[in-house]
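The values are calculated or read from the model by the stated rules, or taken from the named source; none is laboratory data. These numbers were taken from a predicted model, which means no experiment stands behind them. As a convention, Cβ positions derive from the backbone with ideal geometry for all residues, glycine included, and neighbour counts pool all protein chains shown. Ligands, DNA and RNA are stripped out before the accessible areas are found, and what is left, the full protein with its side chains, is counted by its heavy atoms. Shrake-Rupley method; radii C 1.70, N 1.55, O 1.52, S 1.80 Å.
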Amino acid sequence: MNSASKETSIPSLSPAKIAIIGGGVAGSTIALRFAELGIDTTLIEKGDSLVNGPPICHLHAGGNFYREICDQQCLTLLQQSIDTVKVYPQGVNARPTVIALPKTDQGEPADLLPRLEKIRAKYTELVAADISNKVLGEPEHYFQFFSRADIESLLHLPLPKVAKKPSDWLVAFAQNVDLETLKFPVLLVQEYGLSGFRFAAIADIAISRLASCHLRTNSQVVSMKTNASSSSWRLTINNQRDNTNEQADFDYVINACGFKSGEIDDMVSAKRQRMVEFKAAYVAQWSQCQGLWPEVVFYGERGTPQGMAQLTPYPNGYFQLHGMTQDITLFEQGLVASGNNSAQPKLAQRFLNKIEQQWPTPLIEQRTLGSIEHIAQFIPSFASADVSGKPLFGAQQIPGNDADLRTADVSFHDKHYARTEIVKASSALTAADAILQDLIDGDLVSVAQVGQYLTKHYFPVTLACSEAEVTTRAMALAQARNYPAALAQLS
Ligand SMILES: Cc1cc2nc3c(=O)[nH]c(=O)nc-3n(C[C@H](O)[C@H](O)[C@H](O)COP(=O)(O)OP(=O)(O)OC[C@H]3O[C@@H](n4cnc5c(N)ncnc54)[C@H](O)[C@@H]3O)c2cc1C
């Protein structure tokens, strides 16, 4: 679609030209936030499509996967997840998560209660302040514990086709999990699925309809310098198709390069301490699978052979698997930090090869089978699942030096330069909001232009993408990337 046929609700008033380098979930979200307001935005992505970085499958609406993080991070993740569901409802798979503690785990289910109560209280408060925040169901049902007797009462029930009450989500769980391996009660919490493929589809469709957003795919920024004759930035952009370079000037640049953010920082001598971690999830098909499956998490200590096991369901018996052990999701020397001379942490070449080229087939088999066995410790019949394609993988950045940090958004350096530093997809909107404020503080965008939408999220074109068109586009993207189309569908 050319610019002339694009629609936009607010006319473009701003003379300022904004460049976003990197079209992952951070860069795409910022592009949508700005272009919906009529801000002239150029999104520059080196790959051939948007949101094609590390995977996204879970909406961390309360951070309940992470016992090691502080309560405040959980509350921030809750708020950001609610905002994300409101802007991208078509990207969300609204089914709950079951969290169970294996008998081998050091913790007790009761240890989880104080924090869950705080998160529920915060959700209650957010809903009372604005009813549109009620996107995770009734606040009083944010979490629920099920005793062993509750679970055993489901053992002989027929498998429900749709969930009419919370316990319906636990019937298949009760009938397949080896209950002897678990401590009780088990937790059901309203943390939903979030689809990277659906984000990619929404960004693709909405950006094609927004006149203020100029998308340049197959375009890699290879140099960034201040333009001596003005206060702008000069970018050199390499067209990846014909390997030609071109220069363009922008008033403000946003570095949204994910784990490669340090490369742009280095171009402008911006110092930054950050870490980068390479991780992977695996795809299996369990043809015996029956009934409704929630996401299921078996807690465990990260990095040990008992690391957390995570089973994410999709239609047609497909599952995405994580296992927080060195042999499954984590990798030896997969976490690296930046040094004094460069803001870019250096991942070993074997990880870059996996990201940029492909995985050796024996390694796909070995790690996927390892992830199936890891789940089968708790769900014995899952041992019959088959390896079903290539892993979902990538490197993510973590700013600072706390490897457990799960909420980060953006940092600023010098004038008119911001870098996104999200760890979870749901932090992208917070980053967009903070950069919008910086544009206003720097007189590049006027308060009159954004009006009430400085503090409110205004995404009419994004929200108008229908669920059906998002599904169609997301399935096509999944297949083009050599993944089963089921990973792009809602379960
Ligand atoms: C195994 C795994 C599982 C995960 N699961 C979840 C989950 O369930 N939920 C969740 O919320 N988060 C999850 N994450 C984290 C999530 O994937 C990341 O937080 C998120 O993808 C980061 O988005 P981003 O836009 O910052 O970076 P990216 O998605 O990496 O995007 C950066 C983009 O910049 C482009 N780029 C880089 N350099 C240049 C350049 N010089 N010029 C032009 N373009 C450039 C890249 O091509 C890329 O498209 C997971 C991460 C991993 C590794």
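On inspection, ARG148 does not qualify as open to solvent by less than 20 Å² (accessible area, probe 1.4 Å), basic (Lys, Arg) and modelled with pLDDT of 95 or more. Would the range 328-339 turn up any residue that is open to solvent by less than 20 Å² (accessible area, probe 1.4 Å) and away from the ligand (no atom under 13 Å from the Cβ)? The answer is yes, given that some residue of the range 328-339 is open to solvent by less than 20 Å² (accessible area, probe 1.4 Å) and away from the ligand (no atom under 13 Å from the Cβ). One residue stands out among those in the range 447-491 that are polar (S, T, N, Q) and assigned to a helix (DSSP H, G or I): the one that is farthest from the chain's Cα centre (by Cα), which is GLN449. Note on the range 326-373: residues that are closer than 21 Å to VAL387 by Cβ and either part of a strand (DSSP E or B) or of a type in the set (Ser, Thr, Tyr) (or both) amount to 4. Against the conditions (1) at pLDDT 95 or above; (2) among the hydrophobic types (A, V, I, L, M, F, W, C); (3) more than 11 Å from the ligand (Cβ to nearest atom), PHE259 satisfies every one except (3).
Residue by residue, here is whether (1) among the small types (Gly, Ala, Ser); (2) crowded, with 18+ Cβ neighbours inside 10 Å; (3) without any contact (Cβ under 8 Å) to a residue 12 or more places away in the chain holds:
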residue: PRO313; (1), (2), (3): no, yes, no
residue: ASN316; (1), (2), (3): no, no, no
residue: GLN358; (1), (2), (3): no, no, no
residue: PRO362; (1), (2), (3): no, no, yes
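Exactly one residue among GLN73, GLN106, GLN79 is within 16 Å of the ligand (Cβ to nearest atom), open to solvent by 50 Å² or more (accessible area, probe 1.4 Å), more than 26 Å from TYR282 (Cα to Cα) and outside any strand (DSSP E or B), and that residue is GLN79. Yes or no: the range 398-408 includes at least one residue that is without any contact (Cβ under 8 Å) to a residue 40 or more places away in the chain, surrounded by 21 or more Cβ atoms within 10 Å (Cβ to Cβ) and within 16 Å of the ligand (Cβ to nearest atom). Yes, the range 398-408 has at least one match. Per the listing TYR483, TYR417, the residue uniquely more than 30 Å from LEU292 (Cβ to Cβ), in contact (Cβ under 8 Å) with a residue 24 or more places away in the chain and either within 16 Å of the ligand (Cβ to nearest atom) or not small (Gly, Ala, Ser) (or both) is TYR417. The lone criterion from (1) in a strand (DSSP E or B); (2) under 30 Å from GLN175 (Cα atoms); (3) among the β-branched types (Val, Ile, Thr) left unmet by THR42 is number (2).
Give ARG367, ARG302 a once-over and let me know the one that is of a type in the set (Lys, Arg), at pLDDT 95 or above and either within 25 Å of LEU154 (Cα to Cα) or surrounded by fewer than 20 Cβ atoms within 10 Å (Cβ to Cβ) (or both). Just a single option satisfies the conditions, and that option is ARG302. The set of residues from the range 211-238 being of a type outside the set (S, T, N, Q) and part of a strand (DSSP E or B) comprises CYS213, HIS214, LEU215, ARG216, VAL221, VAL222, MET224, LYS225, TRP233, ARG234, LEU235, ILE237.
For GLY442, the conditions (1) within 18 Å of the chain's Cα centre (by Cα); (2) more than 16 Å from the ligand (Cβ to nearest atom); (3) not charged (D, E, K, R) all hold with the exception of (1). Every listed requirement among (1) of a type in the set (S, T, N, Q); (2) away from the ligand (no atom under 11 Å from the Cβ); (3) within 24 Å of GLN397 (Cβ to Cβ); (4) in contact with a Gly (Cβ under 8 Å, 6 or more places away or on another chain) is met by GLN306 save one, (3).
Scoring ALA228 on the criteria (1) of a type in the set (Gly, Ala, Ser); (2) in contact with an Asp or Glu (Cβ under 8 Å, 6 or more places away or on another chain); (3) open to solvent by 10 Å² or more (accessible area, probe 1.4 Å) leaves a single failure, condition (2).
Yes/no matrix, rows are residues, columns are (1) open to solvent by 30 Å² or more (accessible area, probe 1.4 Å); (2) within 9 Å of the ligand (Cβ to nearest atom); (3) touching a residue at least 12 places away in the same chain (Cβ under 8 Å); (4) among the polar types (S, T, N, Q):
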residue	(1), (2), (3), (4)
PHE197	no, no, yes, no
LEU215	yes, no, yes, no
ASN243	yes, no, no, yes
ASN255	no, yes, yes, yes
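Filtering the range 269-294 to residues that are basic (Lys, Arg), touching an Asp or Glu at 6+ places or on another chain (Cβ under 9 Å) and open to solvent by 30 Å² or more (accessible area, probe 1.4 Å) leaves LYS271, ARG272. Only residues that are among the charged types (D, E, K, R) and assigned to a loop (DSSP other than H, G, I, E, B) were counted in the range 151-176, giving 3. For ALA468, the conditions (1) closer than 22 Å to GLN79 by Cα; (2) modelled with pLDDT of 95 or more; (3) open to solvent by 10 Å² or more (accessible area, probe 1.4 Å) all hold with the exception of (1).
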